[in-house]
Structure formats: structure tokens, C-alpha cells
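Q: Before I ask anything, let me first share the structure, which is written out below as C-alpha cells.
The values are calculated or read from the model by the stated rules, or taken from the named source; none is laboratory data. Just so it is clear, the structure is predicted and the values come from calculations on it, not from any experiment. Cβ placement follows ideal geometry from the backbone for every residue including glycine, while neighbour counts extend to all protein chains displayed. For the accessible areas, the whole protein counts, side chains as well, though only heavy atoms, and no ligand, DNA or RNA atoms are used. Shrake-Rupley method; radii C 1.70, N 1.55, O 1.52, S 1.80 Å.
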Amino acid sequence: TTYIKSYLNSWEIKMKQTKTKIYDIISWISLVAILVIVILMALLDKTERTEDFMGAILILFSIILSISSYFVYKEMYKDDKESLFIPRRYGIGWSINPNSPKGKASWFIVVALLGALFIWLLVSSLL
């Protein structure tokens, strides 16, 4: 039974690492897409429709980046359910803890505002 427990424990750790790697890949793809869109916006002919559509796509990748960051931080700091701010994973500074109730609400508000902005820009680009 100890062998089975150690095997399950190592399997669980590998699964968590795999999830984190997938979220990291999604984050990097989103960051590269955001950079490409910003460069394209600078190079393309600027019409109001093009700007609104590219802005909507930019916001969409920002939503994807926010959601993947949420799950990475949720997994990394799962034991800390009290503090609102936690050290950032990369770089210097702080991030909002998705495991605390106020942190969950903050992440939800950010994604909801980005979603509303995405819908507004998409609709305005199609009209």
C-alpha cells in the first residue's frame, strides 16, 4: 500500500506540473499574439472598423491570458486562502490571490470587464 500511495502521489505531482506547463504555454501564446496584434495595428491602414476589430481580438487574448494566469496562481498558492496579495510568479511585484474570496471576486471582475469590452468592440466593428 505504501508503493501505491507513493505512486499516486508522484502521479498527482506530475499532473499538476503538466497543468501548469499547459497554462504557461497558453500564457506565452497569448502574450505573443498580443504583441503581434499591437504591431499589426501600428502597420495596417487605420479605419475605425479595423481598429475596433483588432482591439476586440487584443482584448480576447487578454481574457485568455487572465484566465490562464488565474489557474496558474490558484494552483501555486492553493494553501494560502487568507491573504489578498501574493508575490508574482515572474518579475517583481504582487498579484491577487485567486484562492481568497476577495481575490476570486477581483479576478472575476477583471475578466467580466474585459468580456464586456470585448463584446462592445466586436459589435462596434461589425456595425
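Q: Can you give the Kirkwood hydrodynamic radius for the chain, in Å, rounded to one decimal and based on Cα pairs?
A: Details: mean 1/r = 0.0596 Å⁻¹.
Roughly 16.8 Å, rounded to one decimal.
Q: Next question, about the same structure. For a Förster distance of 22 Å, can you work out the FRET efficiency between the beta-carbons of TYR90 and VAL36, rounded to the nearest 0.05?
A: 0.60
Q: For the chain, which whole-number percentage of the solvent-accessible area (1.4 Å probe, protein heavy atoms only) is attributable to carbon and sulfur atoms?
A: Values: 6510 of 9060 Å².
On the chain, the fraction of accessible area on carbon and sulfur atoms equals 72 percent.
Q: For the chain, calculate the relative contact order in percent as a whole number, restricting contacts to Cα pairs under 8 Å that are 6 or more residues apart. Intermediate results must be reported in sequence, preceding the final value.
A: Working: 115 pairs, mean separation 35.4, N = 127.
It comes to 28 percent, rounded to a whole number.
Q: For the chain, what is the accessible area per residue in Å², given a 1.4 Å probe and the full set of protein chains?
A: Ligands and nucleic acids excluded, the figure is 71 Å² per residue.
Q: Continuing with the same structure: Order these peptides, 23-32, 96-105, by their mean beta-carbon neighbour count within 10 angstrom, highest first.
A: Values: 23-32: 15.2, 96-105: 17.0.
By packing density, highest mean first, the sequence is 96-105, 23-32.
Q: So the label point goes 7 Å from the Cα of TRP28 along Cα→C-beta, right? Which residues of region 78-121 then have their backbone N under 17 Å from it?
A: Within reach of a label on TRP28: 89-91.
Q: Hey, with R₀ at 30 Å, roughly what FRET efficiency would ILE109 and LEU43 work out to, going by the Cβ-Cβ distance, to 0.05?
A: On the way: r = 34 Å, r/R0 = 1.12.
Approximately 0.35, to the nearest 0.05.
Q: Considering only Cα-Cα distances, which of the following residue pairs are longer than 32 Å: LYS46/LYS102; LYS14/LYS104; LYS46/LYS104? Don't skip to the end; give the middle numbers.
A: Numbers: LYS46/LYS102 40 Å; LYS14/LYS104 26 Å; LYS46/LYS104 38 Å.
Pairs exceeding 32 Å: LYS46/LYS102; LYS46/LYS104.
Q: While we're here: Using 0.36 nm per residue of separation minus the Cα-Cα distance, give me the extension gain between ILE119 and GLU82 in nm, one decimal.
A: 9.9 nm
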